[in-house]
Amino acid sequence: MLLDGWGEEGQRKLENAHVAVVGAGGLGCPIDLYLAAAGVGKLTIIDADVVEETNLNRQVLHWSSDIGKPKVQSAVEKLTKFNSQVKFVPIHGRLTEETVDEWLRDADVIVDALDNFPTRLILNRYAVETRKPLVHGAIYGWEGRATTILPFETACLACIFEEGPPPGVFPVVGTTPGLIAMVQATEVLKLLLGVGQPLFNRYLIYDGLTMTFHTVKLRRRPNCPVCGKSN
Amino acid sequence: MAVKVRIPAPLQSLTGGAAEVEAQGRTVREVIEDLERKYHGIKARLCDDAGELRRFVNIYVNDQDIRFQQGLDTELKDNDEVSIIPAIAGGN
């Protein structure tokens, strides 16, 4: 790869890396695909759901012939054909306080490709406790968000939001998770290669309707219950 | 003060689909009152019964979080950009 900071040494860093992508849906599918394409050595893919017809407009590793299959199985079948050099670890199950350490202990970078806030908070707490970088993405309709969390250096998810949104069904425009997934995959590659300026303490907001991106500055909250001074 | 307010996707149904609107106010609190006059129902989505910002909603003036300034009493200048940023959870 003829790019500063990549080259053979960079490619070796990717080969030696283990990335855990939590969620194999609209965000997770494109992230998995591009990390496999880049040659990340090991990808753990976690999801509890099975493929449904309504997923097919955006969850691009799941095809109509996969309906009813666990998403992690559907994803890994395609990914293995795509790049058999990558070691894929599919985990069909729901990430909880009880399972998080066993499933993510060996990961170098964690990717939040989830669809609900309570599980995001479990992931955030675990990333902070273990000081693993966490690449966050979220979407609603035409709007997407992303930030990269480096525990105790940058704001964590609980610094940003003191509470999750009320439960509900979120509308999805298929391309929104695709675009945010590319931001997240780019952030993972930068972290692994040690190049560029990740979205540290910056919250990226994408609006597909106006086709604008803007960022706001994030700060750690001294009284954050997860990474604040008392922790 | 006339400011520009960015409306997040979950609240755009209240602004007739507009992602950006104009509002008046010397503080963020006054801007919310002005938004409520124009887009009835928006205040209840942003603030609790006591009139304080809901805990899953953040507001930024230009790119700075008002929690690290004077909260809803943060003062505004003409042409400031106010961004309303609630937590969103989708990703699937």
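Each value in this text was obtained by applying a stated rule to the coordinates, not by laboratory testing. All values derive from a computational prediction rather than experimental measurement. Cβ atoms come from the backbone with ideal geometry, glycine included; neighbour counts cover every protein chain shown.
Given only helices, namely DSSP H runs of n ≥ 4 each adding -39500 (n - 2.57), what is the per-residue ellipticity at 222 nm of chain A, to the nearest 500 deg cm²/dmol?
Details: 7 runs with 74 residues, N = 231.
Mean residue ellipticity, 222 nm, calculated: -9500 deg cm²/dmol.
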> Separation of the range A:94-138 and the range B:1-24 by C-alpha centroid, Å?
Replying inline: 33
> Could you give the nm distance between label points at B:Asp78 and A:Arg131, where each point is 7 Å from its Cα heading toward the beta carbon?
Replying inline: 5.1
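Across the residues of A:135-142, average count of Cβ atoms on other protein chains within 10 Å? List each step's numbers first, then the result.
Working: counts 0, 1, 2, 5, 6, 10, 7, 3.
Counting other chains' Cβ atoms within 10 Å and averaging over A:135-142 gives 4.
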> What ranking do B:Arg29, B:Arg37 get, fewest neighbouring Cβ atoms within 10 angstrom at the top?
Replying inline: B:Arg37, B:Arg29
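Using a 10 Å cut-off on Cβ atoms, rank the peptides A:184-191, B:19-26, A:17-24 from the highest mean neighbour count down.
Working: A:184-191: 23.1, B:19-26: 17.0, A:17-24: 26.4.
With the highest mean Cβ count within 10 Å placed first, the list reads A:17-24, A:184-191, B:19-26.
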>> When a/c reaches 1.5 or more, the comparison of a/b and b/c decides; with that in mind, is the protein assembly as shown rounded, prolate or oblate per its Cα gyration tensor?
In response: prolate
> Extent of the range A:40-104 along each principal axis, from alpha carbon coordinates, in Å, largest to smallest?
Replying inline: 33, 28, 16
>> Just checking the output field for B:7-17: average partner chain Cβ neighbours within 10 Å of each residue's Cβ?
In response: 3
>> Please compute the modelled spin-label separation between B:Gln69 and B:Ala2, points set 7 Å along Cα→Cβ, answer in nm with one decimal.
In response: 2.0
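Say R0 is 22 Å: what FRET efficiency, to the nearest 0.05, do B:Lys38 and A:His214 get from their beta-carbon distance?
Efficiency for this residue pair is about 0.45.
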> Zone of A:Thr80 (label point 7 Å along Cα→Cβ, backbone N under 12 Å): which residues in the range A:40-71?
Replying inline: none
>> With equal scatterers on the alpha carbons only and no solvent term, can you work out the Debye log10 of I(q)/I(0) for the range A:94-231 at 0.09, 0.11 1/Å?
In response: -0.25, -0.38
> How do B:Ser13, A:Ser74 line up, fewest other C-beta atoms within 10 Å first?
Replying inline: B:Ser13, A:Ser74
> Within chain A, what percent of beta bridges assigned by DSSP are antiparallel, to the nearest 5?
Replying inline: 45
>> Taking a virtual spin label 7 Å from the Cα of A:Arg105 along the C-beta vector, which residues in the range A:18-50 bring their backbone nitrogen under 20 Å of it?
In response: A:18-22, A:42-47
